[in-house]
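Since the structure comes first, as structure tokens, the remarks are kept for the end.
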Amino acid sequence: MLQQRKSVAEQVEGILDAHPLAGVLTSMPGIGVRTAARILLEIGDASNFASSGHLVAYAGIAPVTRSSATSIKGEHPARTGNRQLKRAFFLAAFAALICLARRRCDVLCAMLRNRTHDRHPEPAPTTAVA
């Protein structure tokens, strides 16, 4: 069973490597071979979507405001959309979030070791227009 899964994974990776958009997808942090394959299976080159907003709606990752005649309950995740695509986007975002947390941990450790404060970039001076 494990050997079959490994064989299928190798086949998927080989097919994905041959796709012209594979490098585009896997260049984004958090998107690996399986996630890239799922995205390509679900949306192809995304040319069927007029805008990124249409893709967001199709994936079901746009927040939805729930309201009734008397109250507004705030924004919640959509319960509709393409579940496989939604899952792929969530997995990619979570992987990128872990990378960000790791980077922040590295910076914090260096700040503590060097006893330095976080430095926020100074706003660029604005020139008065006459």
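No value in this document is a laboratory result; all are computed from the given coordinates. All values derive from a computational prediction rather than experimental measurement. Every residue, glycine as well, gets a Cβ built from its backbone with ideal geometry; the counts of neighbours run over all protein chains shown.
Condition test on residue 57, is it within 30 Å of residue 117 (Cα to Cα) and either surrounded by 12 or more Cβ atoms within 10 Å (Cβ to Cβ) or in contact with a Pro (Cβ under 8 Å, 6 or more places away or on another chain) (or both)? Walk me through it before giving the result.
Values: within 30 Å of residue 117 (Cα to Cα): no; either surrounded by 12 or more Cβ atoms within 10 Å (Cβ to Cβ) or in contact with a Pro (Cβ under 8 Å, 6 or more places away or on another chain) (or both): yes.
Considered against the rule, which asks whether it is within 30 Å of residue 117 (Cα to Cα) and either surrounded by 12 or more Cβ atoms within 10 Å (Cβ to Cβ) or in contact with a Pro (Cβ under 8 Å, 6 or more places away or on another chain) (or both), residue 57 comes out as no.
Would it be correct to say that residue 18 is at positive phi and of a type in the set (A, V, I, L, M, F, W, C)?
Considered against the rule, which asks whether it is at positive phi and of a type in the set (A, V, I, L, M, F, W, C), residue 18 comes out as no.
Quick check on the range 101-124. Is at least one of its residues under 18 Å from the mean Cα position of the chain (by Cα), closer than 29 Å to residue 12 by Cβ and surrounded by 11 or more Cβ atoms within 10 Å (Cβ to Cβ)? No, there is no match, as no residue in the range 101-124 is under 18 Å from the mean Cα position of the chain (by Cα), closer than 29 Å to residue 12 by Cβ and surrounded by 11 or more Cβ atoms within 10 Å (Cβ to Cβ).
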